[in-house]
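Here, each number is a calculation from the coordinates, and none is a lab measurement. Computed from a predicted model, the values in this text were never measured in an experiment. Cβ: placed from backbone, ideal geometry, glycine included. Neighbour counts: every protein chain shown.
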Amino acid sequence: MDYDFRAIEAKWQAYWAEHHTFRAVEKEGQPKCYVLDMFPYPSGAGLHVGHPLGYIASDIYSRYKRLCGFNVLHPMGYDAFGLPAEQYAIQTGQHPEVTTTQNINRYRSQMDRIGFSYDWDREVRTCDPKYYKWTQWAFLQMYASWYDPDQQKARPIEELVRRFETSGYDGISAEQWRSFDEKRRSEVLMNYRIAYLGETSVNWCPELGTVLANDEVSGGLSVRGGFPVEQKKMRQWQLRVSAYAERLLEGLDRLDWTDSLKEMQRNWIGKSAGTEVVFDTVKGDAHYPITIFTTRVDTIFGVTFMVLAPESELVECLTSPEQKAAVDDYLAYVKKKTERERMADTRTVTGVFAGSYGINPLTGERIPIWISDYVLSGYGTGAIMAVPAHDSRDYAFARKFNLPIRPIIEGCDVSEQSFDAKEGKMCNSGFLDGMDVKDAIEAAKDYVESKGLGHRKVNYRLRDAIFSRQRYWGEPFPICYKDGMPEPLPVEALPVTLPEIGEFKPAEGGQPPLARAKDWNYNGCPMETSTMPGFAGSSAYYLRYMDPHNDNALVSKAANSYWRNVDLYIGGTEHATGHLIYSRFWNKFLYDLGYVCEDEPFRKLINQGMIQGRSSFVYRIVGTNKFVSAGLRDAYETTEIHVDVNLVHNDRLDLEGFRAWRPDFHDAEFILEDGEYICGWAVEKMSKSMFNVVNPDDICDTYGADTLRLYEMFLGPLEQSKPWDTKGIDGVHRFLKKFWRMFFDGDKLIVTDEKAYADELKALHKLIGKEREDIENFSFNTTVSAFMIALNDLGTLNCHKREILEPMVILLSPFAPHISEELWQALGHADSVTYAAFPEYVEAYTVENNCTYAVSFNGKTRFTISLPLSMSPAEVEAAVRSHESTPKYVEGMQIVKVIVVPGKIVNVVIKPL
RNA sequence: GCCCGAGUGGCGGAAUGGUAGACGCGAUGGACUCAAAAUCCAUUGUCCUUUAAAGAUGUGCGGGUUCGAGUCCCGCCUCGGGCACCA
């Protein structure tokens, strides 16, 4: 029989499902390995070949780790709450749950065809009440906790209450606290809870009718849908992520993530260490001190004006009567600008003089106070001291409004632009004169603190996460309102399920859809009508996989202490500042309260690259229904038309298929080159409108899942983005067919029990070494190459020996599991290849009684060779010289040193004569 | 503007500072075949001389370190990604 991949793949997928081959069971004493994919949002379009790239990689790693004796947890689930299903529901009236279930089923069948080794018994869906019970539970825990800055961790809110009662805290004395009524106390506590209700400026998207988190907005537009977003003050649920800023930052150092991803998170957290300084102000007789934040107190002698954010509360106090009209005009102008406009023209400098003055606390100088939207209310104190000579933004402002520019670093030229660098010697700066800038920064901080003019302060860009969404298809809050005050539901009341409503669009008066739910209350108290955002359900799903059916806890202590955290996490880089921050925050919170045993959720993280589409084009001669092949199109005036890539193979157009594709091409004529129609191509995003979507099901039909898996890996480095190009898929398919033929000649199994020759063993061991090294480095493309090389080597040797082929089957099984299972069975094994032990073949790789010599030229190791321990130094030298890895030009060189290092490593140093 | 990452044949891509272009695709020639498919073999960076052997040249550009650089260092150019009034 030939390599019948269709029958083989169907057979083994059924076998795995029936035997629960990949079910993970906690086994004390066996080392664990938790390999996780970022679970998908099941969209209506189904999977295209780009989606499984990361899943294939993690599956290879999982299967490899199983072979190496690890107990592997490799689960999959669905991030099933979300906007598209809701919008579809608004248009069609179809309940989002129905659409979501359909989409999930489609995803599942597509994934099954690729042959992943998921433990489907652990599947989770974020929209399942059994699952979101624990999302709601976590929220209640956050509501009942505060962040204790002394202990640097979350603690029960009762501890804070006790502190207020006994000794007072944070400016509120015990007496004051006792004098507060119930409502006042709960308002105060709200300022400390990790999950809290608070008035804040939010990203409001009128088109979607909901607020959005910062990472859901990009360039003033919503990430989903691309609708304009405006700033609006609203009372919203929020998570005090900012309390964890320092721990989120510092934890990055211990993670095995790529530098670029860590850098993105560092930028997002945006730590900056500076100083808060108080400037007194003069407006008539009144004094309104302004606190400003700066990282460069050393430049305080160069301050020539100050700027307030337009939203600052001080604007009103500090506007003089003469300037009132101008300031009001300016505030109206700023208010009219949308967030998008404000971001778009950062180059246009606008502002207005407030009419009052601040006092430089060091010099006593009068400093004019201005108002401008280049100062943000949300960062620092919403007020700055401006040093135009040494800050480019202040410089632009000073130029525009003719304010003085006073350099305070010797010899710098500020006639064209500001001098922002932290280098040079200070001047015009009183006691700082003559100091190096770097020293002056510290000296100035010390001075300001010692004189009581200000204090050191660390600021973060990271804001609290807005946690309410005015939507239907999300987790309901376990919160009701009693006399207008939020009241948490008891844990026993969970899950709070979504009530049925007739229509999914927002209710009257801009109310969320859930406001339509009639009589939705808890003990007569109306329920919160917002729902939680998308990241709520995805923040702790990796914990739920450890113990997915537990109805008494998110995860049991036993399951958590066995699986601990994720050893390998694979997913897209687009979650860098969203999910990957929230998950870390969520996990740290649960860690603080002792619910989980690791403070970081994802130990190692790999970002797979995106697979782009490779669009194909045909060229229609203008005014005709005639199409000209790409190579000849210069001779005609043509229009470029996207053609379905499924009608194109190796850039050749299937003419009949093309005619049948669309009615208007039915009688198309072609101008061919060499009898074929060659299409043009371009790399674009994979999307329906470009007709470049390739469905993995089609590839499985034509070539099989094993070919798809090998090919996706062979395409290039995992982390690199690359276009999907079906050229070359024949190569890996051919490899599998050749592999098959080493076992079968027609129907006959031709595997023999002959003893293997040395060069056959060498080819095998080369492959073992390569595979071990490459898989640990996630260099799967070169591993696939190594298989082809091994096959070429063995092919020329015409090898059909069991001694060689059996280990080859095991080695190949992570990549091409179906064919491996089939061959494994053909070799007479009853069990799945999954249970084969890899290590014994690894052992064979290590030759006994040898020592390893690291051969170095000029101190750098070039290669290692294994030689018998008994060899004398002279024999070692001869062996090194004649070794195949020793380059030719070692002729004319000599071994000058032989350094014997304890632990059987010998360093041979070679230098020219 | 700032911070990352990457530039290697016709293409995807390999190369611990040590024979650049592994492996695959494509292409060319050949075998098998009535023919096609499938399969197999050979050649395949560029240039020049040549029957051949061989030679020159070659990893975005310009320098440097080194016996030796695709790889390390300095300065540019180009492309991709992220952040972007964060004081």
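Based on the Kirkwood approach, the hydrodynamic radius assigned to the stretch A:753-794 is 10.6 Å, with every pair of different Cα atoms included. Only Cα pairs under 8 Å and 6+ residues apart enter the sum, and on that basis the relative contact order of chain A stands at 13 percent. For the stretch A:583-730, the spread of Cα positions along the three principal axes, ordered from largest to smallest, is 73, 30, 27 Å.
Farthest towards the positive end of the charge dipole of chain A, among the residues A:693, A:217, A:319, is the Cα of A:319, using unit charges on the Cβ of Lys, Arg, Asp and Glu.
In order along the stretch A:820-833, the Karplus-derived 3J(HN,Hα) couplings, from 6.51 cos²θ - 1.76 cosθ + 1.60 at θ = phi - 60°, round to 5, 4, 4, 5, 4, 5, 4, 7, x, 8, 7, 8, 5, 4 Hz, and Gly and Pro are given as x.
Whole Å is fine, so just give me how far the alpha carbon centre of the stretch A:363-431 lies from that of the stretch A:752-782. The distance from the Cα centre of the stretch A:363-431 to that of the stretch A:752-782 comes to 65 Å.
The value of relative contact order for the stretch A:574-688, using C-alpha pairs under 8 Å at least six residues apart, is 28 percent. Rounded to the nearest 20 debye, the dipole size of chain A about its Cα centre is 980 debye, using +1 on the Cβ of Lys and Arg and -1 on the Cβ of Asp and Glu. Highest mean packing comes first when the peptides A:656-663, A:200-207 are listed by Cβ atoms within 10 Å, giving A:200-207, A:656-663.
Taking a ≥ b ≥ c as the square roots of the Cα gyration tensor eigenvalues, the stretch A:222-334 comes out oblate, since a/c reaches at least 1.5 and a/b does not exceed b/c. FRET efficiency for residue A:332 and residue A:392, Cβ-Cβ distance as r, R0 = 22 Å, nearest 0.05? Computed FRET efficiency for residue A:332 and residue A:392: 0.20. Label separation (residue A:218 vs residue A:497): 3.7 nm, computed from points 7 Å beyond Cα along the C-beta direction. Taking a ≥ b ≥ c as the square roots of the eigenvalues of the alpha-carbon gyration tensor, the stretch A:483-607 is classed prolate because a/c is 1.5 or more and a/b outweighs b/c.
So if each residue of separation counts as 0.36 nm, and I subtract the Cα-Cα distance between residue A:649 and residue A:322, what length gain in nm does that give? Walk me through the intermediate numbers first.
On the way: separation 327, 0.36 × 327 = 117.72 nm, distance 7.56 nm.
Between residue A:649 and residue A:322, full extension yields an extra 110.2 nm.
Tell me the relative contact order for the stretch A:542-610 as a rounded percent, counting alpha carbon contacts under 8 Å between residues six or more apart. The normalised contact order for the stretch A:542-610 reaches 37 percent.
What are the equivalent ellipsoid semi-axes of chain A, built from the alpha-carbon gyration tensor (square roots of five times its eigenvalues), in whole angstrom, biggest first?
Values: eigenvalues 644, 286, 220 Å².
Calculated on Cα positions only, the semi-axes equal 57, 38, 33 Å.
Quick one: compute a quarter of the convex hull surface over the Cα atoms of the stretch A:1-109 and quote it in nm².
In nm², the orientation-averaged hull projection of the stretch A:1-109 is 9.5.
Packing order of peptides A:164-175, A:258-269, A:372-383, highest average first: A:372-383, A:258-269, A:164-175 (average count of other Cβ atoms within 10 Å over each peptide's residues). Computed from point charges on the beta carbon alone (+1 for Lys and Arg, -1 for Asp and Glu), the dipole magnitude for the stretch A:516-586 about its Cα centre is near 60 Debye. Taking 0.36 nm per residue of sequence separation and removing the Cα-Cα distance, the residue A:121/residue A:688 pair yields an extension gain of 200.8 nm. Exceedance of the 19 Å cut-off in Cα-Cα distance is limited, within the set A:232/A:335; A:65/A:737; A:283/A:324, to A:65/A:737.
With the Cα gyration tensor of the stretch A:134-276 giving a ≥ b ≥ c as the square roots of its eigenvalues, does the rule (a/c under 1.5 for rounded; else a/b larger than b/c for prolate; else oblate) give rounded, prolate or oblate?
Values: a/c = 2.18, a/b = 1.39, b/c = 1.57.
Oblate.
Excluding residue A:835 itself, calculate the net charge of residues whose Cβ lies under 12 Å from the Cβ of residue A:835, where each Lys or Arg counts +1 and each Asp or Glu counts -1. Spell out each step's value before the answer.
Values: positive: A:63, A:66; negative: A:821, A:831.
Here the charged neighbours net out to 0.
Ranking A:523, A:369, A:448 by Cα position along the charge dipole of chain A, where only Lys, Arg, Asp and Glu carry charges on their C-beta atoms, puts A:448 farthest toward the positive end. Multiplying the residue separation of residue A:200 and residue A:830 by 0.36 nm and removing their Cα-Cα distance gives an extension gain of 220.4 nm. Positive-end ranking of A:80, A:408, A:332 along the dipole of chain A, with charges on Cβ about the Cα centre, is headed by A:408. DSSP beta bridges confined to chain A are antiparallel in about 80 percent of cases. Each helix, a run of at least 4 DSSP H residues, gives -39500 (n - 2.57); summed and divided by the residues of chain A, these come to -10000 deg cm²/dmol at 222 nm. The H on the amide N of residue A:419, modeled in the peptide plane, is under 5 Å from the matching H of A:390, A:391, each at least 5 residues off or on a different chain.
Treating only the Cβ atoms of Lys and Arg (+1) and Asp and Glu (-1) as charged, compute the dipole magnitude of the stretch A:401-453 about its Cα centre; round to the nearest 20 debye.
200
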